[in-house]
Amino acid sequence: MKSSLKWVIVYLLLIQFGLSYVVPTTWMYDKRIRYEVFKEDTVVLDAVLDQIKRQVDREGLTDYVVILGDSVGYSGPGGPDQSIGYYMSQISQEQGKPLTVFNLALPAMQIGDFYTVLLKLRAKEIATPRLVINLMHAGFVARAPYPPVVFWLDQELKRMDHDSWARVEQHLIQADRAKEDPLPSALFQRYVAPHVALLRYRPVIKGKLMSLFSAKEVYDTRVWTEKPGLAELLQGYEYQIGFNPAPVDLTDQNPQIYFLQKLMDLTRNDQVLYYLTPTNQELMKANVSNPGYRANVEAISRWMTAQGVDYLNLESALDPSLFADHVHLTPEGYRVLAGRLLEHLNQRAGQ
């Protein structure tokens, strides 16, 4: 009996410390986190960070880029080889200055998610020498209560920074993002799952098996002018609210500002580039030409500059022909945006 128990313990230890060496990184990360795996269970993020930590240590990396952001940073609707991170790596390679880029942006992520990812990076002792973070006007407008300021990682935030979670708890409850599970399983998921390899990699393995029997994702990267009905679709409330022309609150009573300040405090020693996401000025002309909206964009720029951070207002910087819809880009659009970001990073670094 004792001998059997010993081998069970040995087996569990091998899984705990060896699973990350067995599961291929590409099952969970291919130029960016595999969204189809992440959305099944956000604990996958911990598995991805394990792999990044190993690569940084193995290659002795000291200068690399970490991207935090939403679906624009993630670079939908294109595939991994049409994403900002991929293009930044490709362009730097062509310039003879190879640069490793880790893209941790994901669709629907909000500023509270960015902050939580940064906390997880710090907890795993992964440095962030160069950070690129995309912001949107929609993030600054009043949340009523949607979208929640922490979309994916509210329970992780609660575990890692309870004070910040408590600060926005009522907002998250109203946005249906803070339902407390009274069962022990909630505590297990919050405090144990991120540290158990078998649980971190379970959705990765499941996702790989599922992919063997399902059709590959189809990416509609056509330019917006080739998509009938798109203009009408964008008149819906869920899109229009992001262009709300009412004056934005630029105090820490706005959860966007609160978490931005938390981010800035954590990254004072890093080179961080914040940029306001480009918007399709032709498709959204009625919205972006509104005096209230334009005043908000200018006010956000002034506030960001006053914080002493590196900030690029790219809201009207790209030609409409580079857009797939109102804010998402075509592959060529993401390549152009990647070039702009990389150029700015290199200028700051004196390269």
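Listing for the model above:
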read-out: Per-peptide average of other Cβ atoms within 10 Å, ordering 287-299, 133-145 highest first; value: 133-145, 287-299
read-out: Intensity falloff of the stretch 272-351 expressed as log10 I(q)/I(0), Debye formula with alpha-carbon point scatterers, at q = 0.14, 0.17 Å⁻¹; value: -0.52, -0.74
read-out: For the stretch 232-351, size of Cβ-based charge dipole, Lys and Arg +1, Asp and Glu -1, in debye; value: 280 debye
read-out: Segment Gln240-Glu332, length gained on full extension (0.36 nm per residue, minus Cα span); value: 30.5 nm
read-out: Whichever aspartates and glutamates have a C-alpha closer than 14 Å to that of Lys53, once near sequence neighbours (fewer than 8 apart) are set aside; value: Asp63, Glu125
read-out: Members of Lys158/Lys227; Lys262/Lys285; Lys120/Lys227; Lys39/Lys262 lying beyond 32 Å, as alpha-carbon distances in this model show; value: Lys158/Lys227; Lys262/Lys285; Lys120/Lys227
read-out: Stretchable slack from His162 to Glu298, in nm (0.36 nm times residue separation minus alpha-carbon distance); value: 45.6 nm
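No lab work stands behind these numbers, since they all come straight from the coordinates. On a predicted model such as this, the values are computed, not experimentally measured, just so you know. Methodologically, a virtual Cβ is constructed for each residue, glycine included, from the backbone with ideal geometry; neighbour enumeration extends over all protein chains shown.
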